[in-house]
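Chemist: Just passing along the structure, written as structure tokens.
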């Protein structure tokens, strides 16, 4: 297996890209077991945590599956339509999110109660403390639903809940993308702070920026 050692900066992204190329070129076939984390770390010249982050991303893309005590195995040799949630395209989902969740953030800043703020603060802290993409994705969903609930309009929370169910696959792929966790933590914090301060325009802007970052990550994954 020929790989190119990478610099530590953006290492997981480089590792992910090279592993995708190896899988799509059939260097690894379906059901093949990938080298262990330690072996991959030595080959790429990076830490095992970097390899682990890259493997999380491959799992989310549907290329591999990891089994405790057994390792990571190739599940497909091409990136699946992982960003197509049912019959909806990413562009359609993101358009709806923009017109639903940006106004929700604005209203949440105007109407939130102390109970709403306490709940949002707990979710922001939980998201910041969690390193597992699947768990972060669940917390992310709860955070966005909590913002909708803070509007005081039950239709917002119902619509966001339904949307998150449709978004599950896309959201997990984005959550597992290397480097995305740190960005999302900062974005969630900015949204929360604006809502806490009662700054409706800043809350809307922070949510808009957050959704734009999701779109950019989705596009990068689609181009992988």
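The values are calculated or read from the model by the stated rules, or taken from the named source; none is laboratory data. Every value quoted in this text rests on a predicted model; they were computed, and no experiment measured them. Ideal geometry is used to build each Cβ from the backbone, glycine not excepted, and the neighbour counts take in all protein chains shown.
Chemist: Can you name the number of the only condition in (1) surrounded by 15 or more Cβ atoms within 10 Å (Cβ to Cβ); (2) in a helix (DSSP H, G or I) that residue 178 fails?
Modeler: Failing condition for residue 178: (2).
Chemist: Please name all residue pairs, on different chains or six or more residues apart, with Cβ atoms under 6 Å, provided the first residue is in the stretch 119-134 and is in contact (Cβ under 8 Å) with a residue 24 or more places away in the chain and the second residue is outside any helix (DSSP H, G or I) and buried (at least 20 other Cβ atoms within 10 Å of the Cβ).
Modeler: 133/176
Chemist: May I pose another question? From the list 141, 105, which residue is surrounded by 22 or more Cβ atoms within 10 Å (Cβ to Cβ), part of a helix (DSSP H, G or I) and within 20 Å of the chain's Cα centre (by Cα)?
Modeler: Working: 141 fails: surrounded by 22 or more Cβ atoms within 10 Å (Cβ to Cβ).
Just a single option satisfies the conditions, and that option is 105.
Chemist: May I pose another question? Residue by residue through the stretch 24-62, note down the ones that are in contact with a strand residue (DSSP E or B) (Cβ under 7 Å, 6 or more places away or on another chain) and either over 23 Å from residue 134 (Cα atoms) or part of a loop (DSSP other than H, G, I, E, B) (or both).
Modeler: Within the stretch 24-62, the subset in contact with a strand residue (DSSP E or B) (Cβ under 7 Å, 6 or more places away or on another chain) is 28-34, 36, 55, 58-59.
Within the stretch 24-62, 28, 29, 30, 31, 32, 34, 36 meet the criteria.
Chemist: Still on this structure: Output yes when any residue across the stretch 40-49 is within 18 Å of the chain's Cα centre (by Cα) and modelled with pLDDT under 90, and no when none is. Spell out how you get there, then give the answer.
Modeler: Let us first name the residues in the stretch 40-49 that are within 18 Å of the chain's Cα centre (by Cα), namely 49.
Cutting the leftovers down to modelled with pLDDT under 90 gives us 49.
Yes, the stretch 40-49 contains a residue that is within 18 Å of the chain's Cα centre (by Cα) and modelled with pLDDT under 90.
A quick yes/no check of all residues on (1) more than 29 Å from residue 205 (Cα to Cα); (2) crowded, with 21+ Cβ neighbours inside 10 Å:
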{"site": "66", "(1), (2)": "yes, no"}
{"site": "101", "(1), (2)": "no, yes"}
{"site": "113", "(1), (2)": "no, no"}
{"site": "121", "(1), (2)": "no, no"}
{"site": "134", "(1), (2)": "no, no"}
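Chemist: Taking the condition part of a helix (DSSP H, G or I) and surrounded by fewer than 17 Cβ atoms within 10 Å (Cβ to Cβ), does residue 185 pass?
Modeler: On the way: part of a helix (DSSP H, G or I): yes; surrounded by fewer than 17 Cβ atoms within 10 Å (Cβ to Cβ): yes.
For residue 185, the condition - part of a helix (DSSP H, G or I) and surrounded by fewer than 17 Cβ atoms within 10 Å (Cβ to Cβ) - is met.
Chemist: On the basis of being modelled with pLDDT of 95 or more and over 14 Å from residue 150 (Cβ atoms), does residue 221 make the cut?
Modeler: Details: modelled with pLDDT of 95 or more: no; over 14 Å from residue 150 (Cβ atoms): yes.
So residue 221 does not fit the description; no.
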